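The values are calculated or read from the model by the stated rules, or taken from the named source; none is laboratory data. Worth saying up front: this structure is predicted, and the values here are computed from it rather than measured. Here the Cβ positions follow ideal geometry from the backbone for every residue, glycine too, while neighbour counts run over all protein chains shown.
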Amino acid sequence: MLNACGNTNQINGKTMKTAHKSVAFIKEHLPANQRVEFEVAYWGLRNQIKDDAEFLKTINNKTSLDIIELGKASFTKSKAAGVVEVAGYDNWDQMIAKQIEQRTEQDRSAVDSKDKKGYPSVDYKMHAM
């Protein structure tokens, strides 16, 4: 169990390695409807804050809900500044819905063609030697 920060629901921002481990643990234990929102918020903050020390200070001891709130605030600030990546979205919820739609489509297209039903099975007739 990850218990380096004393609370498994908070990000341990001591180092980038511990932060990534904390984020992976938190994301794995989030309800499905919050995973994408958390991930988008986290990586949006990371893209905005390039300096590792500043980034770690920003996310240290934050919960998933804290990160999502920071992500929403960052979105609003970026939208007001005319940042191209968010210009196509009216609001945070629309951006998250689009991300979920894209990921669902990727999941569907990632199916191996050999795994489709109707693929010939290999049955062997066993006989005594």
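Summary table below
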quantity: Residue identified as free of Cβ contacts under 8 Å to residues at least 12 places away in the same chain and under 15 Å from the mean Cα position of the chain (by Cα) among 19, 24; calculated: 24
quantity: Residues of the stretch 54-107 classified as of a type in the set (Lys, Arg) and in contact (Cβ under 8 Å) with a residue 24 or more places away in the chain, total; calculated: 4
quantity: From 79, 50, 72, 62, residue being of a type outside the set (Val, Ile, Thr), modelled with pLDDT under 95 and surrounded by 13 or more Cβ atoms within 10 Å (Cβ to Cβ); calculated: 79
quantity: Odd one out for residue 67 among (1) at pLDDT 95 or above; (2) surrounded by fewer than 12 Cβ atoms within 10 Å (Cβ to Cβ); calculated: (2)
